[in-house]
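Scroll down for the structure; my scribbles are underneath it.
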C-alpha cells in the first residue's frame, strides 16, 4: 500500500511540475523551510554536491568553489527554499528544525558533515542518552524524519540546480 501511495505522490509531483501547476507555497511555508535549511546547514550540502560533480578541468572546479565561497549561506537558503518547500511540508520543516536545534540534533548535523574517522568494532554501538531515545520515538519526529529522508534526493537535485546557476553567474 505504501508503494502505491508513493507512486501516486511521485506521479502527481511529476505531473504538477511538467504542467507548471504546482501550487506556490505560502510565505509561512517558505519561512519554515528556510529555518530548516538553516538548521541543516544546507550550504554544506551544496559544497558536497560540488565536490562530487565532474569538471572539465581543475581550474573550472576551483572557480566553482571560489564562487561558492563567496555566496553567503543566507542566499543559498533564500534561493533553495521555494523549490524545497514543494517537497517538504510545513509540519516536517517545523519539527525537524526543532530537532536540529536541540543539543543532540546539533551533534547529528556535526557528524553528518565531519567525518569522525576511527574504527568501529563489531558489536559497538553509539551510546544514546535516555532523553534522546525518547525523542527519537516521538510520533511527530518519526513522521518528519521519514518525510525528510524521502525528500533527500529532491533536496540534492535542487542543490545541484543551484550549483549550476551559481556557476553560470558572472564573478
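The values are calculated or read from the model by the stated rules, or taken from the named source; none is laboratory data. Since the model is a prediction, treat every value here as computed from it, not as a measurement. Glycine also receives a Cβ, built like all others from the backbone with ideal geometry; neighbour counts cover every protein chain displayed.
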Determine if segment 53-67 includes at least one residue that is closer than 15 Å to residue 157 by Cα and within 11 Å of the chain's Cα centre (by Cα). no
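With out of contact with any helix residue (DSSP H, G or I) (no Cβ under 6 Å at 6 or more places or on another chain), at pLDDT 90 or above and buried (at least 17 other Cβ atoms within 10 Å of the Cβ) as the only criterion, which of 86, 58 stands out? Spell out how you get there, then give the answer.
On the way: 58 fails: buried (at least 17 other Cβ atoms within 10 Å of the Cβ).
None of the other options fit; the residue is 86.
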Scope segment 124-145; condition exposed (fewer than 15 other Cβ atoms within 10 Å of the Cβ) and in contact with a helix residue (DSSP H, G or I) (Cβ under 9 Å, 6 or more places away or on another chain); matching residues: 128, 129, 131, 136, 138, 140, 142, 143
Out of (1) at pLDDT below 80; (2) exposed (fewer than 12 other Cβ atoms within 10 Å of the Cβ); (3) assigned to a helix (DSSP H, G or I), the odd one out for residue 165 is which? (1)
Is it the case, given these coordinates, that residue 51 is in contact (Cβ under 8 Å) with a residue 60 or more places away in the chain and either surrounded by 11 or more Cβ atoms within 10 Å (Cβ to Cβ) or under 16 Å from residue 166 (Cα atoms) (or both)? no
Kindly check whether there is at least one residue in segment 4-18 that is more than 21 Å from the chain's Cα centre (by Cα), modelled with pLDDT under 90 and not in a helix (DSSP H, G or I). no
Selection within segment 135-151 - assigned to a helix (DSSP H, G or I) and more than 13 Å from residue 96 (Cα to Cα): 150
